[in-house]
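The values are calculated or read from the model by the stated rules, or taken from the named source; none is laboratory data. The structure displayed is predicted, hence computed values, not measured ones. All Cβ positions, even for glycine, are placed from backbone atoms using ideal geometry, and neighbour counts span all protein chains on display. Accessible surface areas use protein heavy atoms only, side chains included; no ligands, DNA or RNA. Shrake-Rupley method; radii C 1.70, N 1.55, O 1.52, S 1.80 Å.
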Amino acid sequence: MNIQECIKSRRSVRNYDERVIPESTLTELITLGTKAPNGSAKEPWGFVMIQDKAEIDSWSEKIKTYLLENFHQYPYLHQYEGWLKNPKFSVFNHASTVLIIYGNTDSHWYRYDCSLAAGNIMLAAHEMGIGTCWIGFAEYMLNTKEFKEQYGVPLHYELVCPMSMGYPKTKLASSKRKTPLIFTKV
């Protein structure tokens, strides 16, 4: 698949089969992610890989519980209340793998750099037949001191991209997008 086909056909995947992504493949994807442009050559990224389903499910439940207990703080999440109350809902889409990208705050541009790395990973994964989904709900727990200590993430690294990963159960159609808003024409 060429890069344009890859970009046009990549979708966020929320339904995976049971296969586990080989660690060598994850390492290859991370390496491809680190080929992303980065400000001042700081390469501010760091990664956590979780491939234990019980561990992933446990974090999903902790996140759901936290969000529901603190729902008043997050009015923009109220549209998802039904999801969060559903015992079958998994924050991580029942994925076999969660890859988390952190950025070193010593670099002013860590958010941009790590987002570019995430984009590389998502496109390379898609080309390999692996689906990904950026998990917004995860930001509420995966940047805590507790989580960072458990996974060896230095406290001066900030969460940028938590993503679920796995082999898609079904092939998705290409996404539809609005016409780009262009403010200035040459």
Of all residues in segment 61-91, which are under 30 Å from residue 107 (Cβ atoms), under 19 Å from the mean Cα position of the chain (by Cα) and not hydrophobic (A, V, I, L, M, F, W, C)? 62
Among the residues of segment 152-186, write down those that are open to solvent by 50 Å² or more (accessible area, probe 1.4 Å) and under 26 Å from residue 14 (Cα atoms). 158, 169, 170, 171, 172, 173, 174, 176, 177, 178, 179, 180
Residue under question is residue 1, and the condition is that it be within 30 Å of residue 106 (Cβ to Cβ), open to solvent by 60 Å² or more (accessible area, probe 1.4 Å) and in contact with a helix residue (DSSP H, G or I) (Cβ under 6 Å, 6 or more places away or on another chain); does it hold? no
Within the group 119, 82, which residue is open to solvent by 10 Å² or more (accessible area, probe 1.4 Å) and under 25 Å from residue 29 (Cα atoms)? 119
Counted residues, segment 10-55 - those being under 18 Å from the mean Cα position of the chain (by Cα) and not in a loop (DSSP other than H, G, I, E, B): 20
Quick check on residue 112: is it touching a helix residue (DSSP H, G or I) at 6+ places or on another chain (Cβ under 8 Å), at pLDDT below 95, under 16 Å from residue 159 (Cβ atoms) and surrounded by 16 or more Cβ atoms within 10 Å (Cβ to Cβ)? no
When you look at residue 60, is it surrounded by fewer than 12 Cβ atoms within 10 Å (Cβ to Cβ) and assigned to a helix (DSSP H, G or I), yes or no? no
So which pairs qualify, if the first residue must be in segment 78-92 and within 18 Å of residue 54 (Cα to Cα), the second must be among the hydroxyl-bearing types (Ser, Thr, Tyr) and modelled with pLDDT of 95 or more, the Cβ gap must be under 7 Å, and the two must be at least 6 apart or on different chains? 90/60; 91/60; 92/60; 92/164
Subset of segment 66-77 (residues that are open to solvent by 60 Å² or more (accessible area, probe 1.4 Å) and touching a Phe, Trp or Tyr at 6+ places or on another chain (Cβ under 7 Å)): 66
